[in-house]
Amino acid sequence: MFTRLLGISTEFTAAAALSSFDAFVTIAHRIPILASGRGHDEAFRMVSEKVEAAIQGSFDATLAAGELIGRAATGNLPAADVPEGLYSVSKAALKPAYTRVRANARRLSSQ
């Protein structure tokens, strides 16, 4: 069990670190665009992508939580699997945001 939890925490930490770097790249490229006064389209895109990611993450987390609760309610969730199940809910919630921040970093750094 310890090995599984170590793998989960390592994966989660690595994803958060990579996302933080991608966010840094995105912000570094967006600041000049927004400061130039011509960044209306980029600002609109920035906000709409965040809203979409939040909605999609909420939906995906709800599905993952429902699956976890269903397993628990039917007795098919051993106690040792609870941390992994909670991680799957967190991962589902964050994946849309991670995906978008990575795509933005790539898009903006290639301009």
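Within the stretch 1-10, which residues are without any contact (Cβ under 8 Å) to a residue 24 or more places away in the chain and surrounded by 10 or more Cβ atoms within 10 Å (Cβ to Cβ)?
The answer is LEU6, GLY7, SER9, THR10.
Say we look at the stretch 96-111 and pick out the residues that are surrounded by 17 or more Cβ atoms within 10 Å (Cβ to Cβ) and either under 14 Å from the mean Cα position of the chain (by Cα) or of a type outside the set (A, V, I, L, M) (or both); which of these is farthest from PRO32 (Cα to Cα)?
Taking the candidates together, the pick is PRO96.
Give the stretch 64-93 a look and list any residue that's of a type in the set (Val, Ile, Thr) and either touching a residue at least 12 places away in the same chain (Cβ under 8 Å) or not in a loop (DSSP other than H, G, I, E, B) (or both), or say none. So that I can check it myself, show each step before the final result.
First, the residues of the stretch 64-93 that are of a type in the set (Val, Ile, Thr): 69, 74, 82, 89.
ILE69, VAL82, VAL89, listed by residue number.
Is there a residue being among the charged types (D, E, K, R) and farther than 25 Å from ASP81 by Cα anywhere in the stretch 4-20?
No, the stretch 4-20 contains no residue that is among the charged types (D, E, K, R) and farther than 25 Å from ASP81 by Cα.
Could you list, in sequence order, all residues of the stretch 73-92 that are surrounded by 13 or more Cβ atoms within 10 Å (Cβ to Cβ) and of a type in the set (Gly, Ala, Ser)? Break it down stepwise before answering.
Within the stretch 73-92, the first condition is being surrounded by 13 or more Cβ atoms within 10 Å (Cβ to Cβ), and the residues that meet it are 77, 81-92.
Matches in the stretch 73-92: GLY85, SER88, SER90, ALA92.
Tally up the residues in the stretch 54-72 that are exposed (fewer than 13 other Cβ atoms within 10 Å of the Cβ) and within 27 Å of THR3 (Cβ to Cβ), please.
1
Tell me, which residue of the stretch 23-63 that is among the polar types (S, T, N, Q) and assigned to a helix (DSSP H, G or I) is nearest to ALA105 (Cα to Cα)?
Residues of the stretch 23-63 among the polar types (S, T, N, Q): 26, 36, 48, 56, 58, 62.
This time we only want the ones that are assigned to a helix (DSSP H, G or I), so: 26, 48, 56, 58, 62.
Values: THR26: 5, SER48: 16, GLN56: 20, SER58: 23, THR62: 28 Å.
This residue is THR26.
For the stretch 15-33, name all the residues that are closer than 30 Å to ALA79 by Cα and either surrounded by 13 or more Cβ atoms within 10 Å (Cβ to Cβ) or modelled with pLDDT under 95 (or both).
Let us first name the residues in the stretch 15-33 that are closer than 30 Å to ALA79 by Cα, namely 15-17.
Selection gives ALA15 alone.
The values are calculated or read from the model by the stated rules, or taken from the named source; none is laboratory data. In this text the structure is predicted, and so the values were computed from the model without any measurement. Here the Cβ is made from the backbone with ideal geometry for all residues, glycine too, and neighbour counts use every protein chain on show.
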